[in-house]
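Inspection log for the structure reproduced underneath, given as structure tokens.
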Amino acid sequence: MAETQPEPSQEQADLITPEEIENMSPEDQKKLAYNIEQTAVMLSELTEEEVEKLQAMPWEKLDGPAEPDAPLTDEDKAAYREMWDLVQDGTTTMAEVLGYDEDEIMKTYSVGAALSDQGRYDDALKIAEGLLFLMPKLVPGHLLKGEVLRKQGRLEEALEAYNAAVSADPTYIQSYFERAKLFFRAESGQYFLMDIQTIANLDPEAKTPFGKAAQKILEATAEELKKDGLSDEELEAIGDALDDAMLDIDEDTIPEIDEDGNQIIK
Amino acid sequence: MPRQSNDAKTDGHRLAFAAKRCLDAFLLLTSTSSEENSSLRALVFHMLEGHAPGFFRRCSLATLLNSAMKGLQPLSIELPENLPADDGMARIDAWYLRRLRGYPHPDPDPACLERYLRSLEARGEPLHGWIIQWMCQDVGVRTANFNREWEHRGGSLIHDLYWVTHLVLLETRYLSRPLKPGTLPRLEEELFRACHYARARRHIDVAAELAICLQVVGRRNHRWHTILIDELLEHQKHDGSVMDNSLEARGLRAHCTGASLVAFAGGAREP
């Protein structure tokens, strides 16, 4: 049965253009900036040129301008440019510049994950890309993006997203697990096993569901792993072990992270 | 933004020119596909991407970085006990970089890794062991008895000097992320002390790494940075390479040229 195209969300229908933002009063800009869901969606749609326009906005005035209607001065522009440079070299993030805290970011992530679960992939992708604009190293953002792209069948792009998740934090176990699933689906047995082995090395005592799953897979496929090439039957055996291990993982669980953004291992 | 002085502009152009000459020499020196050259190429381009993004873009190094990263894929991760320290380092560098940049790569076998680390210690190569262990911890692979502190201080001056530079290089994941303020207490003091020794002993390769470290901690305008950069420029040859006579016997000209390339390109950034 063909999937029906989901109706555009109210947030999407109400999207505001950068030009309109520029013409808003600082008070309205402030309201908009704190509406993270809309901002995240909006930012993901911007072209490079539009992002540059946004860069010229007096964000520093949003926290209580002395003269709300004063035009942007050269000093304001220089201050914003300096801030933008700090964002570019990774010293700070757009999320910090715009004043979003971790709760707001994770709330937005949850919205994106829910949209993905509902099959509203385009909306979920926009949320993921918006989150990554705000925090380029946000692993759950990369994972959400990868998940949506995987569900859309865009496997190469999904792989890029999972690679970016691993790169953002090479100790974040779930990234390897999600990528391993993708490799398995793409029948890249060698890479699949590499990631499963990495999970086992990162979590040798199998304290996380991913560590437990990796252990199960490795135990079930110990003989196959000793061989250089894998036959279809052997891959099938690994697939069964993977399916079995997956049953133990609650995929709806949002990864828990500590204050520094590291995954919490219980 | 403060207006640049003519001196600063001239310095910037001079360093950018030196960096370009260095790049040409570095590409030639690392053109053979040994494990060490492959790892060094990828590492230097990775550092340039984060530390001198303008230079990286102007020289269109993204394609070279991608192909260098792909070139690391076939590198072995086996670590037999008798493997020379530099070769082991090259394999671990390759694995670490592939992990950092999100490429799938097999992990070293934990038991072999431990045996190799013990053999490095026994062979009087504690610095290689310390760097390898740091990289392992950084990507979540635990090793026994790792101590972030350097327990061998005073054992070898050259090891002490490379330890200081690697504090910065490793903490920033080879210049791909900024150094968090307060992460390394008394770092500047250690760096300035190392600058003094590196210059006195003419350790040009260390001097290049120290210049990079001073750039990372925001000391581009410090007199030690100027002194070190001048020293590197003095040692740059007609072909663009930078020689370190204390390392030349070990065939590490490519390493010194690569480090100088990053130092020149990073120094040429607008203040």
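The values are calculated or read from the model by the stated rules, or taken from the named source; none is laboratory data. Nothing here was measured: the structure is a model prediction, and the numbers come from that model. Positions of Cβ are generated from backbone atoms using ideal geometry, with glycine treated the same way; all protein chains shown enter the neighbour counts. All accessible areas refer to the heavy atoms of the entire protein, side chains included, with ligands and DNA or RNA removed. Shrake-Rupley method; radii C 1.70, N 1.55, O 1.52, S 1.80 Å.
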**Q.** Condition met for B:P84 (open to solvent by 50 Å² or more (accessible area, probe 1.4 Å) and without any contact (Cβ under 8 Å) to a residue 24 or more places away in the chain)
**A.** yes
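Quick grid of which residues meet (1) at pLDDT 95 or above; (2) in a loop (DSSP other than H, G, I, E, B); (3) over 28 Å from B:A90 (Cβ atoms):
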position	(1), (2), (3)
B:N221	no, yes, yes
B:L228	yes, no, no
B:G240	no, yes, no
B:L247	no, no, no
B:R250	no, yes, no
B:A254	no, no, no
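Go through the stretch B:93-112 and give me each residue that's more than 10 Å from chain A (Cβ to nearest Cβ) and surrounded by 23 or more Cβ atoms within 10 Å (Cβ to Cβ).
Residues of the stretch B:93-112 that are more than 10 Å from chain A (Cβ to nearest Cβ), as a first pass: B:93-95, B:97, B:111-112.
Hits for the stretch B:93-112 are B:D93, B:A94, B:W95, B:L97.
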Q) Which members of the stretch A:191-220 meet the condition of being over 23 Å from the mean Cα position of the chain (by Cα), touching a residue at least 24 places away in the same chain (Cβ under 8 Å) and either within 20 Å of A:E156 (Cα to Cα) or not in a helix (DSSP H, G or I) (or both)? A) A:L193, A:K207
Q. Out of the stretch B:162-199, which residues are more than 14 Å from chain A (Cβ to nearest Cβ) and within 28 Å of B:R98 (Cβ to Cβ)?
A. B:Y162, B:W163, B:V164, B:T165, B:H166, B:L167, B:V168, B:L169, B:L184
Q | Positions within the stretch B:113-128 being in a helix (DSSP H, G or I), farther than 28 Å from B:H196 by Cβ and more than 14 Å from chain A (Cβ to nearest Cβ), in sequence order | A | B:R115, B:Y116, B:L117, B:R118, B:S119, B:L120, B:E121, B:A122
(Q) Can you find, within the stretch A:194-213, the residue that is farthest from A:H142 (Cα to Cα) among those that are open to solvent by 20 Å² or more (accessible area, probe 1.4 Å) and either more than 11 Å from chain B (Cβ to nearest Cβ) or touching a Pro at 6+ places or on another chain (Cβ under 9 Å) (or both)? (A) A:P204
Q) Just one of B:I158, B:I131 is open to solvent by 30 Å² or more (accessible area, probe 1.4 Å), away from chain A (no Cβ under 14 Å), hydrophobic (A, V, I, L, M, F, W, C) and part of a helix (DSSP H, G or I); which is it? A) B:I158
Q: Quick one: A:Y121 ticks every box in (1) under 19 Å from A:F177 (Cα atoms); (2) open to solvent by 30 Å² or more (accessible area, probe 1.4 Å) except a single one, so which number is it?
A: (1)
Q | Residue identified as at pLDDT below 90, within 14 Å of chain A (Cβ to nearest Cβ), within 21 Å of A:N201 (Cβ to Cβ) and out of contact with any strand residue (DSSP E or B) (no Cβ under 6 Å at 6 or more places or on another chain) among B:R148, B:R142 | A | B:R142
Q. Which one of these does A:R179 not meet: (1) open to solvent by 10 Å² or more (accessible area, probe 1.4 Å); (2) facing chain B (nearest Cβ under 9 Å); (3) touching a Phe, Trp or Tyr at 6+ places or on another chain (Cβ under 8 Å)?
A. (1)
Q) How do the pairs read when you match residues in the stretch B:98-125 that are more than 24 Å from B:R173 (Cβ to Cβ) with residues anywhere that are at pLDDT 90 or above and buried (at least 20 other Cβ atoms within 10 Å of the Cβ), using Cβ under 7 Å and keeping only pairs 6 or more apart or on different chains? A) B:C112/B:L79; B:E121/B:G129
Q. Regarding B:L210, is this residue within 15 Å of B:I158 (Cβ to Cβ), away from chain A (no Cβ under 14 Å) and in contact (Cβ under 8 Å) with a residue 12 or more places away in the chain?
A. yes
Q) Which of the residues that make up the stretch A:149-166 are facing chain B (nearest Cβ under 9 Å), open to solvent by 10 Å² or more (accessible area, probe 1.4 Å) and closer than 24 Å to A:I217 by Cα? A) A:N163
**Q.** Per-region count, the stretch B:200-252, residues in contact with a Pro (Cβ under 7 Å, 6 or more places away or on another chain) and among the acidic types (D, E)
**A.** 0
Q. Out of (1) more than 17 Å from B:T226 (Cα to Cα); (2) open to solvent by less than 50 Å² (accessible area, probe 1.4 Å), the odd one out for B:I204 is which?
A. (1)
Q: Test A:Y162 against the criterion of being free of Cβ contacts under 8 Å to residues at least 40 places away in the same chain, closer than 20 Å to B:I77 by Cβ, part of a helix (DSSP H, G or I) and in contact with a helix residue (DSSP H, G or I) (Cβ under 8 Å, 6 or more places away or on another chain), and give yes or no.
A: no
